[in-house]
Amino acid sequence: METLLGVSRIAFIVVLAGAIAFIGDRVGHQVGRRRLSLFGLRPKHTSTIVAVGFGMLIALGVTLALLAASHYARTAFFRLGELNAQVASLQKQVQEREQELARTQNENLIQGNQQPITPTYAVVNSNQALAHIHDEVKTIFTNAVKEADRVWVPLGLRPYDKPLDDAEHDHKFNEAASFIRKTCAPASGIVFPVAAHNLFRGDKIAISLNIACNRQLFAKGQEIASINVPGGSVPNIGYLLALTQQAATDRGMPAYTSEPFGNPSNLQAVQHELSRAHGKYRLIARTGANVRAIGPLVIELQLESAK
């Protein structure tokens, strides 16, 4: 299809250029035969000007036709500098990612970026005074530093050595407290201490806080994700669970609490039903209870005939 479209564009441009050239030839012929004069010039010079003018019209016509027919041509004419800047930026990002990947492969990665730095999270009541929330967040962060030093230093990281009462940390705690108070209310805030970036052997421990609002995200029985399955087949449960977790994460559920789980007997019953079925079906993951951001994400599988 693209090849046919390209050939059509070329043919159109050739015909357009030929038509303009033909008109130019006819006009030039008339100028020469009738010995017409332009601006008081001799007919010979007038004929030359007409020929040059129609040559310029051919160039202009071809250019306009090309711009009208192709978005890429318009980009090349008017946005090439911007496009080159975007390409350079993307190349730089790719190079940085490749360097990071090479470092990950060649060095010992202790903990990945945004991965939990402690095995637990904390729930903060958003209806408290802002100063009280600030102090609670500071306590959570302080405990996370102590736990991180205890767990990760023996594995090859260096201790967290920044003072917790400096302006940088106070600003961080104020931002977190303000988010919980203004954005999460009346729901609680969930505070997750995570690695601020990839932590390799020999790196200092770096911690940041991820915060989610503990709102209800799904009602009981609500569809979260589904896959199409033919009757008599073995369903790809792993893929459905991955879609379910991604949908929950997109809705605002933290990755640490969005792993779905359900009753094994429900899975066995659905697999048995599908093995005896004929036709096309949808395998649906529905919530087994009301689900809040803090979890758990309990699901029930259901088989429905595809319409």
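Please treat every number below as a calculation from the coordinates, not as lab data. What you see is a predicted model; the values in this text were computed from it and never measured. Note that we place each Cβ from the backbone using ideal geometry, even for glycine, and neighbour counts take in every protein chain shown.
Summing charges over neighbours of Ile180, with a neighbour being any other residue whose Cβ is under 14 Å away from its Cβ, gives +2 when K and R count +1 and D and E count -1. Taking the Cα centre of segment 217-305 as origin and assigning +1 to Lys and Arg Cβ atoms and -1 to Asp and Glu Cβ atoms, the resulting dipole is close to 100 debye.
Please get the size of the charge dipole for segment 122-214, origin at its Cα centre, with Cβ charges of +1 on Lys and Arg and -1 on Asp and Glu, quoted in debye to the nearest 20.
240
Each Cα pair of segment 159-307 feeds into the Kirkwood radius, which the Stokes-Einstein equation turns, at 10 °C and 1.306 mPa s, into a diffusion coefficient of 88 µm²/s.
Both radii were evaluated on the Cα set of segment 122-214; the Rg over Rh quotient, with Rh as the Kirkwood radius, amounts to 1.01.
Would you mind giving the average projected area, over all directions, of the Cα convex hull of segment 217-305 in nm² with one decimal? Each step should come with its number before you reach the end.
Details: hull surface 20.0 nm².
Its average projected convex-hull area is 5.0 nm².
Charge tally for Ala212 (other residues, Cβ to Cβ under 14 Å; Lys, Arg +1; Asp, Glu -1): +2. Remark on Gly231: its backbone amide H falls under 5 Å from those of Gly279, Lys280, Tyr281, a criterion applied only to residues 5 or more positions apart or on other chains, H modelled at 1.01 Å from N. Taking the Cα centre of segment 143-268 as origin, sum charge times position over the Cβ atoms of Lys and Arg (+1) and Asp and Glu (-1), and report the length of that vector in debye to the nearest 20. Computed about the Cα centre, the dipole is about 200 debye. Panel order for Leu303, Leu60, by other beta carbons found within 10 Å of each beta carbon, from fewest to most: Leu60, Leu303.
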